[in-house]
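The values are calculated or read from the model by the stated rules, or taken from the named source; none is laboratory data. Worth saying up front: this structure is predicted, and the values here are computed from it rather than measured. All Cβ positions, even for glycine, are placed from backbone atoms using ideal geometry, and neighbour counts span all protein chains on display. We work out accessible area using only protein heavy atoms, side chains counted, and drop any ligands, DNA or RNA first. Shrake-Rupley method; radii C 1.70, N 1.55, O 1.52, S 1.80 Å.
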Amino acid sequence: DKYTTGQVNKQRAYVKYYERRAAEKGIDLGQSNNPKDDETGGGSANSSDGADGKRKRYMDYKKKYDTVDNPNLTAADHYKLAGDLEGSEFADDPVFADDVRGLMFRHYQKGDEKANADAKAGIDVFKAITENPRRATDDQLKEGLQKLSEIGKDRFGNWRPNASEYTFKLQGELDKRESNRK
């Protein structure tokens, strides 16, 4: 897709020229020099070794990872798929790298959306406690702080909405109670 038909034909002409020269000098390139063998699948050339073979392998690979819109995937699933894409053989390939990075970004983005939605539901549980912390026991406040420390930040370490505020209020109430006990 990146090259015009003329550019492709020119490169194929170069390949054929050097294949002929190698054959004249008796150099075995490990593939058939007979075009009829290539068309019928004969010869020793492996179809996955050429550009078309690599493109086919990539398309099969992409089908496996093009699951961004699958509603059954969790945030962790999306992060795992994105990590697999990042470490794949195609991630550094000049032909496929942009496509791989785009798919990887979409998985990270969808994973972040799901993780933020799940965390929001967990963070909102502590809204009632922070609005009236006197009704909560010390253990409930400590449990809230523990839970907020687990879900309050995204994968980059940034605070999610309300998490830092609720953490601050819960810790403030615990500190106030501790100072009153002294």
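Kindly indicate the residue of region 19-38 that is open to solvent by 60 Å² or more (accessible area, probe 1.4 Å) and not charged (D, E, K, R) and also modelled with the highest pLDDT among those meeting that condition.
That would be Ile27.
Select from region 143-182 the residues that are within 17 Å of Asp112 (Cβ to Cβ) and of a type in the set (Phe, Trp, Tyr) and write down the one among them that is farthest from the chain's Cα centre (by Cα).
Trp159
Out of Gly53, Gly41, report the one residue that is modelled with pLDDT under 85 and under 21 Å from Gln11 (Cβ atoms).
On inspection, the qualifying residue turns out to be Gly53.
I'm trying to understand the selection: among the residues of region 50-71, which are of a type in the set (Asp, Glu) and either more than 21 Å from the chain's Cα centre (by Cα) or not in a loop (DSSP other than H, G, I, E, B) (or both)?
If the condition is that a residue be of a type in the set (Asp, Glu) and either more than 21 Å from the chain's Cα centre (by Cα) or not in a loop (DSSP other than H, G, I, E, B) (or both), then Asp52, Asp60 are the ones that fit.
Can you tell me which residues in region 6-18 are under 20 Å from Arg55 (Cα atoms) and open to solvent by less than 100 Å² (accessible area, probe 1.4 Å)?
Result: Gly6, Gln7, Val8, Asn9, Val15.
Would you please name the residue that is surrounded by the most Cβ atoms within 10 Å (Cβ to Cβ), looking only at residues in region 160-182 that are within 21 Å of Val125 (Cβ to Cβ) and hydroxyl-bearing (Ser, Thr, Tyr)?
Out of the qualifying residues, it is Tyr166.
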